[in-house]
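For reference, the structure is listed below as structure tokens.
The values are calculated or read from the model by the stated rules, or taken from the named source; none is laboratory data. This is a predicted model, so every value here is computed, not measured. FYI the Cβ positions are ideal-geometry reconstructions off the backbone, even for glycines, and counts take in every protein chain you see. We work out accessible area using only protein heavy atoms, side chains counted, and drop any ligands, DNA or RNA first. Shrake-Rupley method; radii C 1.70, N 1.55, O 1.52, S 1.80 Å.
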Amino acid sequence: MRIPTIHSRRKVTSRNDERGDHHLPIQMQGEKSSKSNDNFRAPSQRSNSKSNSNPVPSSGQQPPPSAFIDDWKNIALIIIICALLLILQAHTFQNTAIKTTGFWSPYNKINTHPSWCPLATCTNTPRCKPCQRRFLIVVATGRSGSTTLMNLLDLLPGVRMAGENKGQLINDFTSFRNLRDSIELHLTATEEVDGAWKHFPIPAQSLSCPIQGVYEAINPPPELSMNYRGNYDDSDTILGFKTVRLHEALMAYNDTDKIDFGLWDEFFSENFPCARFIFNIRGDIEKQIQSWLLAFGSNLDGDTIREYNIKLSQLAAVLGPDRARVIDMSEWSKKDGSGLVVLNDLIEWLGYRNCKFSSLIHSNKDGYGKDTTKLSLGKDCHLDQG
């Protein structure tokens, strides 16, 4: 604080005496005096006086409130910077996970399960992601051990198998061809369709989600599991089912030499792009005929069963070794256990590691009996996601 001259002090004192300020405490008189002296200073001097008027806190004296405000501002700024860094890091990880470059769009071809379906075509849109769900489909003929195979596969981690569905794949195939082959519908049009068949462009593979949804609906998880966890999501579960009627569609052409397996390949590629197929046949035709007679009381024609097996094997060949595998019940179900190597090789082909069947269960025993044998594939059994 600037010390006033003697001359100015006298003026301040005389003015204070005139207003009766001599009755105020000495400290308040000093404040009045400094304010009065500012009136006689140059503007520049006044500003300097005001800037120097805030006392510097001495040792042990608390800082002014403005210092605390500045500290909180600094803390808030640090928190904001950390939050921005976390957001940037998460965005970077996301781009790394989807393995894409450039600007991400909901319209993309990203395959989220390349180890399960490396050759899949995935046309992702905001309405449908055809490769999001993995499938394991067992195609077989009647009395070929398909139920036993289904129950064995259900033991694999992350797999939920379901039984037959009265040939639903055939119905889906018919519906798909009905829409695809309709000239008026213009299913693959890239511009808006006007008139009686009006619709906006339909993205490729859009039908896959409603078709897959049927099998999700009829193969739900246990109700207890869905109640136990909030926002239940089992989209990572591999859904499986078996069908013993597909050969009926393959044989419906009569002219078996001209069956277009490419239509079925197209159907599976578009609507089940992330699926693996196990074609299970029974090479011992005579035992299959005997089993059919025991279960249903009717006879099967041996040549017809052989034709079924041929058609299923041909379809598996069209789908290719990365998607389809043919196994023979007559080999993997040997009573001495020597056929277990076929099943263990099968699950290794699926991508499972440290998994091994040590014995068999016998579903539909003596007709439709149930085998309650408990099996374990090993505590370290897991699916290789790499």
Of Lys335/Lys356; Lys242/Lys287; Lys166/Lys334; Lys109/Lys311; Lys166/Lys379, which ones are farther than 24 Å apart at the Cα?
Lys166/Lys334; Lys109/Lys311; Lys166/Lys379
By how many nm would the segment from Ala189 to Ile310 lengthen if fully extended, with 0.36 nm per residue of separation less the alpha-carbon distance?
39.8 nm
Would you please give the FRET efficiency between Val214 and Lys287, computed as 1/(1 + (r/R0)^6) with r the Cβ-Cβ distance and R0 = 25 Å, to the nearest 0.05?
0.15
Could you tell me how far the Cα centroid of the range 295-373 sits from the Cα centroid of the range 145-200, in Å?
24 Å
Compute the distance in nm between two label points, each set 7 Å from the Cα along the Cα-to-Cβ direction, one at Phe200 and one at Asp303.
5.7 nm
Per residue, how much accessible area does the range 273-386 show when a 1.4 Å probe rolls over the protein heavy atoms, in square angstrom?
55 Å²
What nm value, rounded to one decimal, do you get for the distance between Asp154 and Leu179 when each label is placed 7 Å out toward the C-beta?
3.1 nm
Please compute the length gained on full extension between Lys374 and Leu86, using 0.36 nm multiplied by the number of residues separating them and subtracting their Cα-Cα distance.
99.0 nm
Taking the Cα centre of the range 149-287 as origin and charging only Cβ (+1 Lys, Arg; -1 Asp, Glu), how large is the dipole, in debye to the nearest 20?
460 debye
How many percent of Cα pairs in the range 247-386 exceed 17 Å?
70 percent
